[in-house]
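Undergrad: Below is the structure I would like to discuss, written out as structure tokens.
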């Protein structure tokens, strides 16, 4: 009981400090493929500066211009039931404590999708978070910073996002990694 | 010969050997040239090193920044693609559910 109260008291404080994505690492313990992306602050600005100058790239640039951080965790598994959905609870609890209301919840054949939108002023949202739990794939997207609903719609539409695997030929590499956390070259 | 004469004889000024001046003049400039040579060589090496450093360090910094930029851009594009795929998948699930319930 004492532990529960300590946890309950610590949650609002943790909400102010930002979510510790390392706490989700155990979800990928049995994963075949892991995608682990954290982009925040100067790194996010640097990434934005390296986008091209055509119309699509400019559109992406304006989309990420004011964002504070983008965090993506995605795990692919070889078989069904290789992760425990309950391990997502710290993330859900953080979203609840930080006042990110759930705006979408869809369940279908053992799959679950949830979208959370942080409320903010001036017709813009303060961020968007997505949990997609499929049988063999689990994805968490957490985008923090002012983002309009039009941008969210753009992100969920037929946005032409260049494939970094195609771009990296002769340049850098994307952060797609295998289960050991090593980059796929 | 008393002690006074012996002292005077001992302290009497002697003329230098004929080639003394030439030997001294030969020795002095030679020594000076050697030290100058070494000093100049060290200075030249230090200058060359500084020039190489001044040329290489900014190039390495620029290259490193470019590499980090490309890596960050690729990460951003991957993140946006995953977001796009996930949101589209959710949208499809919503459409299927809506169709089923109507």
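Undergrad: Give the residues of the range A:25-62 whose amide nitrogen is closer than 17 Å to a point set 7 Å from the Cα of residue A:78 in the direction of its Cβ.
TA: Only A:28-34 fall inside the zone, counting backbone N under 17 Å.
Undergrad: Testing the spin-label approximation: label points 7 Å from Cα along Cα→Cβ at residue A:111 and residue A:26. State their distance in nm.
TA: Output for this residue pair reads 2.7 nm.
Undergrad: What is the mean number of Cβ atoms from other protein chains located within 10 Å of the Cβ atom of each residue in peptide A:72-78, rounded to a whole number?
TA: Values: counts 9, 1, 5, 0, 0, 0, 0.
Taking all residues of A:72-78 together, the mean is 2.
Undergrad: Could you list B:3, A:103, A:143 so that the one with the fewest beta carbons within 10 Å of its beta carbon is first and the one with the most is last? Spell out each step's value before the answer.
TA: Working: B:3 7, A:103 13, A:143 27.
Ascending Cβ contact count within 10 Å gives the list B:3, A:103, A:143.
Undergrad: Under a crude label model (7 Å from the Cα following the beta-carbon direction), how far is residue A:149 from residue A:85 in nanometres?
TA: 2.8
Undergrad: Neighbouring Cβ atoms within 10 Å as the yardstick, rank A:138, A:51, B:53 fewest first. Show your work: numbers first, answer last.
TA: Details: A:138 24, A:51 19, B:53 10.
With the fewest neighbours first, A:138, A:51, B:53 line up as B:53, A:51, A:138.
Undergrad: Enter the Cα centre distance for the pair the range A:83-123 and the range B:1-20, rounded to the nearest angstrom.
TA: Cα centroid of the range A:83-123 versus Cα centroid of the range B:1-20: 112 Å apart.
Undergrad: Would you calculate a helix-derived [θ] at 222 nm for chain B, using -39,500 (n - 2.57) for each DSSP H run of n ≥ 4 and dividing by the full residue count, to the nearest 500? The partial results should precede the final answer.
TA: Details: 2 runs with 90 residues, N = 102.
Value at 222 nm, helices only, nearest 500: -33000 deg cm²/dmol.
Undergrad: Still on this structure, please answer the following. Averaged over its residues, how many other protein chain Cβ atoms are within 10 Å of peptide A:36-48's Cβ atoms? Can you show the working numbers first?
TA: On the way: counts 1, 8, 2, 6, 0, 0, 2, 6, 4, 2, 8, 11, 4.
For peptide A:36-48, the averaged partner shielding equals 4.
Undergrad: In which sequence would A:95, A:88 go, from the one with the fewest C-beta neighbours within 10 Å to the one with the most?
TA: Ascending Cβ contact count within 10 Å gives the list A:88, A:95.
Undergrad: In nm, what is the difference between 0.36 nm times the number of residues separating residue A:42 and residue A:120 and their Cα-Cα distance? Let's see the in-between values first.
TA: Details: separation 78, 0.36 × 78 = 28.08 nm, distance 2.33 nm.
So the extension gain works out to 25.7 nm.
Undergrad: In the Gaussian network model of chain B, springs joining C-alpha atoms below 10 Å, which of B:71, B:14, B:63 carries the largest mean-square fluctuation?
TA: It is B:14.
No value in this document is a laboratory result; all are computed from the given coordinates. All figures in this text were calculated on a predicted structure; none of them were measured in a lab. Don't worry about glycine lacking a Cβ; one is built from the backbone with ideal geometry, like all the others, and counts go over all protein chains shown.
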